[in-house]
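Below is one structure; the comments refer to it alone.
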Amino acid sequence: MSATDPIVEFVQDVVDAMGLDLTAAVEEETDGIRINLSGDDGSVLTRRQGEALQALQQIVGAAFRADRNDERRLVVDCNGYRRDKDAELHQMAIFLAGKAKDTGLAQEMGPLNPYERRIVHMAVAEIPSVGTESIGDSFEKTVIISVTK
């Protein structure tokens, strides 16, 4: 029995209880664990900018936070929705970093949740002479991308 089996089982039980035709499977990644949901009812979780998927992510994270003794990320995805959004966010961060570098003007992205901010910070960290800073005092913050000295 894998350490991720209870998580996959929990996610499957939740979507079954919702009456959704989705199947949960685990994918090990270098920086974490991705629970992939696939099936015809995926649009229920991904409509409205993925609000239901985000809510499921929060529930799963809260349910298993104490049980997990590693720092790896736990991500719940549905039909590749989050993976596509992550790639889009990564590309936008690189584009805005280039724009900041070219113009010398700071660029803003947001509001972003902690998961999204991490993607932006990591993408920009790959680019020399550009840095990021999160500003705001709420759960969702704005990321400022600017040229570093």
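Structure data summary
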{"quantity": "The chain: most fluctuating residue of 112, 74, 53 per GNM, C-alpha cutoff 10 Å", "calculated": "112"}
{"quantity": "Set of lysines with alpha-carbon distance to residue 101 below 20 Å, sequence-local pairs under 8 removed", "calculated": "149"}
{"quantity": "Using a Förster distance of 22 Å, the FRET efficiency for residue 99-residue 149 (Cβ separation, nearest 0.05)", "calculated": "0.75"}
{"quantity": "Euclidean distance of C-alpha centroids, segment 97-124 and segment 1-43, integer Å", "calculated": "30 Å"}
{"quantity": "Environment charge at residue 121 (Cβ cut-off 12 Å; Lys +1, Arg +1, Asp -1, Glu -1)", "calculated": "0"}
{"quantity": "Convex hull volume of segment 85-147 per residue (C-alpha atoms, cubic angstrom)", "calculated": "61 Å³"}
{"quantity": "Unit charges on C-beta of K, R, D, E only; dipole of the chain, Debye", "calculated": "700 debye"}
{"quantity": "Qualifying GluC sites (Glu not before Pro) in segment 1-108, DSSP loop, other Cβ atoms within 10 Å at most 13", "calculated": "71"}
{"quantity": "Per DSSP, loop trypsin sites (Lys or Arg not before Pro) in segment 51-134 with at most 12 further Cβ within 10 Å", "calculated": "65, 72"}
{"quantity": "Cut-off 15 Å between beta-carbons: net charge of the residues surrounding residue 43, Lys and Arg +1, Asp and Glu -1", "calculated": "-2"}
{"quantity": "Interchain or long-range residues, amide H under 5 Å from residue 33's placed H", "calculated": "73, 74, 75"}
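Coordinate-derived values only; no laboratory data. Note that this is a predicted model, so its numbers are computed, not measured. Note: ideal-geometry Cβ built from the backbone for every residue, glycine included; neighbour counts use all protein chains shown.
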